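Input: a single structure, listed below in structure tokens.
Read-outs: derived from the displayed coordinates by stated rules, not from any lab. Because the structure is predicted, anything quoted here is derived from the model rather than measured. Cβ coordinates were reconstructed from backbone atoms using ideal geometry, including for glycine residues, and neighbour counts include every protein chain displayed.
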Amino acid sequence: MNEVLSGLYQGFGVALDPMNLIYVIFGCFSGTLIGALPGIGPINGVAILLPIAYSLGLPPESALILLAGIYYGAEYGGRVSSILLNVPGDAGAVFTTLDGNPMAKKGEAGRALSLSAIASFVGGTIAVILMSLFGPLLASVAIHFNPSDYVALMVFAFTCLASLVGKNPVKTLLGAIIGLMIASIGIDANTGVARFTFGIPDILAGIDFLVIVIGLFGMGELITLVEHQITGRLKALPVGKSFVSMKDLAVVKWTILRCSMIGFFIGVLPGTGASVASAVAYGTEKRIAGKSGATFGTGDIRGLAAPEAANNSSAGGAMVPMLTLGIPGSGTTAILLGALLLFNVTPGPLMFQQRPEIAWGLIASMYIGNLALLVINLPLVGFFARLLTIPQKYLTPLIAVLAFMGVYSVVSNPFDLYMVIGLGFFGWLLRKMGFSLAPVILGVVLGGLFEDNLRRALSISGGDWMVLLESGRSIVIYILTVLILVLPPLYSRIKSRKAAKDTVPAE
Amino acid sequence: MADRIFGCIALVIAIGYGYIAFTIIEAPFQYDPLGPETWPQILSVAAALCCLYIIIRPDGDGFKVLSKTLVRIGVLIVLLSAYAYLYEPLGFILSTALFCLVLSRILGASILQAVLFGAASGGIGYLLCAVLLDLNLPQGVIIKLLRGLS
């Protein structure tokens, strides 16, 4: 506890530095801005703005604070297009549209937006509090992890991903393997042997992480936008004058608290982020509401508050494994992890001791960011809503301009511009084929770490593969892995059998 | 069907990747039990298994793209490639202005709108990012010309 308080003290010292304070607020603002643009989710927003933040030449803690602000802001901004346009920016926002959009149709858009802002704020704040409590604890456990434990953790992370994310587990797994394969391109650091470079000098050092991120997410998004252009104009609903009341808050207070907890813990699981969290939270609340839950989906404020609280709290939860283990909890945190690596900061248990200004500075900045977002969002919601009316014909070219700018300002190699285009098409194709891109980016980020730890573990044992099963910790992690693999299908089978039983007497 | 085609292509890639991993990659000397080839070998086997599964049991979600949409995407990719090709020689301002002009025109802006938008995004974009934020962007002909005049 003492450690937490002194850490927070140090962290606020960093975060309250006037420049860093400006970065938090600027990050939150621009994040909300880009998140509010129709069709652009947090992950695309962070991907597009990452290289620009990188090439500003900031110290690592400031840059990370800026990026985390963008991440948080984009999660906030996403709800604007979900509620007013019925267009979710990413998978995590789908459940916000279910009750948010009907409310807006009833002319209660203002109430929906302000309520979801408060739910997001509470969810985010609870997540940060839990994070400051559990983060150092997890780090102090993780510090004893040896390479084979890390291998077990990676296996766990990828299993969580395959089992919980996406419709088809095999496709998710293949996506992750594609990511790992991309990461294996370039010179092997241990032996100096070039792998899969085909004699192209531009990729000897591997494909730059920024290029992959901008290609898959920025360019891929651009192609998707152009693809959907045909479907006609979107019409944003007016915000109106309605506002959240104390009575509303009294109705949803337990919903928000419960869903914040759910969101946090699902966010902590490696690989599962906002999309799973908001789905589980929505389902749980609907079940708890029982008979009165019949109004879910028609503009129930509980159905709006639940996914929003879970969404934002999972964003905080996903930071925990990223900071303490170096294993990101979601696609977006995978990008943040890649950003840390760009700054030569290796996240992991040692970060809390070696670079406390970054670890705690980031945590403290999240307290401030949350507050800033609430303050920015409540009065400025009308302004953000107006962004939705930016015509696609201007928005689409600007995404390409931002993406090129980002790539060129960091790598300054025209070859990478073509690479980005190619990767963008590849990302679009994958999405079209029903793959989700988060596993791919997770594979890219974790590829090096996974391989290094495997090789290190086998070096320690002299080539005996049984070393992977030697420590008690790895065995516990493998047992958890099996549970994650077995439980969800078992659960859905029991549920469907129960449902079948329930419907039989009714007929 | 689309799943099967995709699975087959991915399988060919996985086999090619595996072929390289199993035959070509080799360290001249090494001290560790695992060399640079083992990890790609594991990946290629795992990838091939996933592809086989997708080929045997496809999702059934059809790959629905209208040919009209494909043309649009093709045009977009040609435009982007041209933008990339001209990025350094023409410089940020001109290439961006041209790209924004053409793309916004294709997406339905009137000629006047497209010209204004192109000029604005090239000019304001450069001022904002290269001058204000000090990002490294290709200067190209316009800036060099201005430098030469002053």
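Cα to Cα, under 16 Å, and not fewer than 8 places away if on the same chain: which lysines meet these conditions relative to residue A:286?
Hits, sequence-local ones excluded: A:253, A:495.
Counting other beta carbons within 10 Å of each residue's own, what order do B:145, A:67, A:161, B:101 fall into, fewest first?
B:145, B:101, A:67, A:161
Where in the stretch A:365-434 are there trypsin sites (Lys or Arg not before Pro) that are in a DSSP coil and have at most 15 other Cβ atoms within 10 angstrom of their Cβ?
Passing sites in the stretch A:365-434 do not exist.
Would you please give the residues with an amide H less than 5 Å from that of residue A:195, counting only those at least 5 places away or on a separate chain, with H modeled from the backbone geometry?
A:186, A:187, A:188
What is the set of long-range amide H partners of residue A:471 at a cut-off below 5 Å, with H atoms built 1.01 Å from backbone N?
Sorted by chain and number, the residues that satisfy this come to none at all.
Order of B:13, A:327 from fewest to most other C-beta atoms within 10 Å?
Fewest-to-most ranking of B:13, A:327: B:13, A:327.
Tell me, what HN-Hα J-couplings in whole Hz come from the Karplus equation 6.51 cos²θ - 1.76 cosθ + 1.60 at θ = phi - 60° for each residue of the stretch A:212-222, using x for Gly and Pro?
Computed from phi, the couplings for the stretch A:212-222 are 5, 4, 5, x, 5, 9, x, 5, x, 5, 4 Hz.
Could you tell me which of rounded, prolate or oblate describes the stretch B:26-85, using a ≥ b ≥ c as the square roots of the eigenvalues of the alpha-carbon gyration tensor, with rounded for a/c under 1.5 and, failing that, prolate when a/b is larger than b/c and oblate otherwise?
Since a/c reaches 1.5 but b/c is at least a/b, the shape of the stretch B:26-85 is classed as oblate.
Loop-only check: which trypsin sites (Lys or Arg not before Pro) in the stretch A:116-209 are DSSP coil with at most 16 other Cβ within 10 angstrom?
Answer by residue number: A:167.
Taking θ = phi - 60°, what integer Hz values does the Karplus form 6.51 cos²θ - 1.76 cosθ + 1.60 yield along the stretch A:315-322, in sequence order, with x for Gly and Pro?
Residue by residue, the stretch A:315-322 yields 4, x, x, 5, 6, 4, x, 5 Hz.
Can you give the convex hull volume of the alpha carbon atoms of the protein assembly as shown per residue, in Å³?
Measuring per residue, one finds 177 Å³ for the Cα hull of the protein assembly as shown.
Over the Cα atoms of the stretch B:67-149, each weighted equally, I'd like the Debye log10 I(q)/I(0) at q = 0.26 Å⁻¹, rounded to two decimals.
Cα-only, vacuum Debye calculation for the stretch B:67-149: -1.22.
Going by how many other beta carbons lie within 10 Å of each one, how would you line up A:28, B:129, fewest first?
By the 10 Å Cβ count, ascending: B:129, A:28.
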